[in-house]
1. Can you tell me which residues in the range A:172-196 are within 14 Å of another protein chain (Cβ to nearest Cβ), in contact (Cβ under 8 Å) with a residue 24 or more places away in the chain and either buried (at least 22 other Cβ atoms within 10 Å of the Cβ) or among the charged types (D, E, K, R) (or both)?
2. Having 1 or more residues that are touching a Phe, Trp or Tyr at 6+ places or on another chain (Cβ under 6 Å) and of a type in the set (G, A, S) is the bar; report the helices (runs of 4 or more DSSP H) wholly within the range A:61-157 that clear it.
3. Regarding the range A:33-55, can at least one residue be identified that is without any contact (Cβ under 8 Å) to a residue 60 or more places away in the chain, β-branched (V, I, T) and within 18 Å of A:I451 (Cβ to Cβ)?
4. Please tell me if B:F168 is under 26 Å from A:D68 (Cβ atoms), of a type outside the set (S, T, N, Q) and within 22 Å of the chain's Cα centre (by Cα).
5. How many residues, within the range B:282-292, are farther than 13 Å from B:L258 by Cβ and of a type outside the set (D, E)?
6. With the checklist (1) hydrophobic (A, V, I, L, M, F, W, C); (2) farther than 24 Å from B:L370 by Cα; (3) out of contact with any strand residue (DSSP E or B) (no Cβ under 6 Å at 6 or more places or on another chain) in hand, flag the one item B:I8 doesn't pass.
7. Give the residue, chosen from A:G423, A:G453, A:G449, that is crowded, with 18+ Cβ neighbours inside 10 Å, at pLDDT 95 or above and at positive phi.
Protein chains: 2
Amino acid sequence: MSSKSVTIIGAGIAGLKAAEVLLKSGRFAKEDIVILEAQDRVGGRIKTDKDSSKLGVSYDLGAAWFHDALTNSVLYDSIDNGTFVPAKDGYFDDKDIAMYASDQDGPLDSGNLKLVRVLEDMEKFMELYFMSDLGVKDISLDELAKLYVEKYKVFLTPEQLRYCCRVFRYYELWFGIPSYDISAKYAPMDHQGRNLYNKIGHGFAIDHLVSQIDCEISKQHQVTKISRNIRGGPKKNKVELADGSTIDTDYVIVTVPLSILKLKEGPQKITWEPPLPKPITEALDQISVGSLGKVIFEFDMIWWDKNQDRFDIIPDDVSSFGVVPKSWEYPSIIVNYARVKPGTPSLVLLTQSPVTDYLEEHPEQAWPFLKPMLSKLNISSFSVPDPINTIVTDWTKNPFARGAYSAVRTGDCPDDLIIHLSGENEGVGMGSGSTIRFAGEHTIADGSGCIHGAYDSGKREAEWILNDSK
Amino acid sequence: MSSKSVTIIGAGIAGLKAAEVLLKSGRFAKEDIVILEAQDRVGGRIKTDKDSSKLGVSYDLGAAWFHDALTNSVLYDSIDNGTFVPAKDGYFDDKDIAMYASDQDGPLDSGNLKLVRVLEDMEKFMELYFMSDLGVKDISLDELAKLYVEKYKVFLTPEQLRYCCRVFRYYELWFGIPSYDISAKYAPMDHQGRNLYNKIGHGFAIDHLVSQIDCEISKQHQVTKISRNIRGGPKKNKVELADGSTIDTDYVIVTVPLSILKLKEGPQKITWEPPLPKPITEALDQISVGSLGKVIFEFDMIWWDKNQDRFDIIPDDVSSFGVVPKSWEYPSIIVNYARVKPGTPSLVLLTQSPVTDYLEEHPEQAWPFLKPMLSKLNISSFSVPDPINTIVTDWTKNPFARGAYSAVRTGDCPDDLIIHLSGENEGVGMGSGSTIRFAGEHTIADGSGCIHGAYDSGKREAEWILNDSK
């Protein structure tokens, strides 16, 4: 049994950043703060794997890009502190993507087909469709695409008609859920600049934060219960751990993933005393978690076009989906390491639910499942060789991750959760006077689902505590 | 001396549409309405030239594209009434543009240089720059581009640094003014879909409206004075013409170009009695008029790439501009008629102020001025032949057009004019009780500067009158 000023739950980038800001302020000693981490490692859904490669390459198994590169706080802080040098450590892998479909040999002539123009048009239509009236009922991305085609087919060429709905499904690789589940209402994205691929892996940002923090980071310490607004106790809040120990604490910053907050049962569930306010539990039911996963294939040579940044697997026109996903049923985006790290014979494939769940459960199926699509990329004179190494993520199987990050399914309404958990509206969150705070990618609008969103939310909550404890 | 219910000033698409709506309502007889047109032709800044070509081709000397093709009212009304068949009469000329610069032979490898990604980044930066604080001082597009490079040069390749500010000047061909004059604050455009090139010329839309209208259209009848709120007269307003005749009228719809409204002197000036309210005259001083012009060259053969939609002339990096523009100082966008109307050996170049003013004043200079840039497009084995025909617009010399359409110069503030002239805020425009209305591309936010904006504004004012006269 111990006593702390601030207890931070979760040693991902949100929790680490919060600790750094609190400690840097000079207002808290290292003994005043503890970071509790359920897993045996820090970093959360940032995980740079330096050991699995047979090529000596490091891969980000979780978050990989600096999104919103015009405004990304992690990027600029890292440049400022010298831990990231863009010209050396980053690469804008945003050349027009090379698209491959089962009904074509070699890449589509997407430039002459003007498929990107049609995609942009579909995106604008999606915005306009829901802007026309606040009460427009949400529909799935797939349904939206069909409406577009129905309404504007007179403007489309036969090839555009053939491919546009299939190409539009690239959204699945942003959200980690299939297009028949994606909320078209919340799908439009407003990127603040380009996406910078981080060649060195985001682990560097975790390592740097850890180096700046001298408080205790207790790994393998799972929180099971949070009691708040305790009257007459030594501290206002109490945190209980799986090993039975407790911490009395003035403040709590809860940075556990949305998937954990949403849990209604099971050993990873956090019990709240008193229970979470109804506006929050209702909001938690109105937002989902996607399963963006990765499959990395390493080869002994490069047999695809080393001058492309990314490849896009365009799915077939599927009318009904079985329980077990099949090849060509789902799109994939492939990062070309032969280009990102010149000469590296590996490919990093992004997958979405249900493909992620399936392949993470059956990693031995990764190559048989993906080979038919990957074979389209072959520009060598020989047939596609088997990989010398396969790395499959395990986010869906990790009980403390349970998937990737926030995703909005058709009918969800994500706004409430952010309003409540960001603490911007005290009255409807944990209630006035509460010193329980939330951080993480699911608690912020700008940078939602991204590293810098999580980081900014950690900073936000540290600053709230510094202000509240004056 | 005559008497009318509605007097419409200007037989452009705004005025014609207003008349059509009024007449279709059945509430006005053809004798109740008159359209006064200063010029000897209808259509205003829509002008489809079928006579000047030596190839038997028609060209739009004014407005040419259906912009905002997802929502363009003229486009959809024309499809509905059968006057425009997209698959036959339109062409989306929006393939990635082929870029040419003086320091390169042949087109830039813009795909691999990712110049479009950098342009998109610059556009987003422009938005963010002014969003950060409502009080941010306006700067020119050129200054904004320099700020971007200064701030983000660490992310740019040497080639991107070399070209990005120069390519960014393509905005000049949207607004008709040079980038050192363009307001960066008002430059961001929110397109509602793609831009559909009208192969048959927009004259068809004018012809169709005229065919629907049976009221008098008095050409070569210039309005010199508008008196309003007359007490004790036969009608509330009086319109005086250059020939000394007058019209007493219940309503007036003023659709003359912004350039005419802005006139403070000269024979085309309209005198207002009483003078225009100060909010309107002040607003008129806060918005400018661009000079988008066109030069059309016809040849006896095609010596450029017939598979490109458009060509982009990237200007040199110019540090100071002389009074007379020089080749390579300004960008141009070139529509490839060999592609738009397959087999047609002609090119349509867009120019901006001051190039438009210069070439419209000296059309014989068009070929010597533009040949150095156009020569870059040559993929034939022979040297570039002289054109067999040159057509140069005369919008800046036309006393009733005086340029092209609204443009926002650095420091301008266009919002007030639209608020006042659109009549959405009765109290600050012509005053409550006024039956003077305004229409035209300069009086509307959605479709500002475009055919469909003018058209929608004409419809808006007709509907206002129908409502007011109930």
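The values are calculated or read from the model by the stated rules, or taken from the named source; none is laboratory data. Please read all numbers here as calculations on a predicted model, not as lab measurements. Neighbour counts run over all protein chains shown; Cβ positions are idealised from the backbone, glycine included.
1. The initial filter retains those residues of the range A:172-196 that are within 14 Å of another protein chain (Cβ to nearest Cβ), namely A:188-196.
Now drop any that are not in contact (Cβ under 8 Å) with a residue 24 or more places away in the chain, which leaves A:188, A:191-196.
Residues satisfying the conditions are A:G193, A:R194, A:L196.
2. Correct list: A:73-80, A:141-152.
3. No; the residues of the range A:33-55 include none that is without any contact (Cβ under 8 Å) to a residue 60 or more places away in the chain, β-branched (V, I, T) and within 18 Å of A:I451 (Cβ to Cβ).
4. Numbers: under 26 Å from A:D68 (Cβ atoms): yes; of a type outside the set (S, T, N, Q): yes; within 22 Å of the chain's Cα centre (by Cα): yes.
When the stated conditions are applied, B:F168 passes them.
5. Of the residues in that region, 1 qualify.
6. (3)
7. A:G449
Here's the yes/no breakdown for (1) at pLDDT 95 or above; (2) away from chain B (no Cβ under 11 Å); (3) over 24 Å from A:R169 (Cα atoms):
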position	(1), (2), (3)
A:W65	yes, yes, no
A:S73	yes, yes, yes
A:D77	yes, yes, yes
A:G82	yes, yes, yes
A:D89	yes, yes, yes
A:M99	yes, yes, no
A:M122	yes, no, no
A:M126	yes, no, no
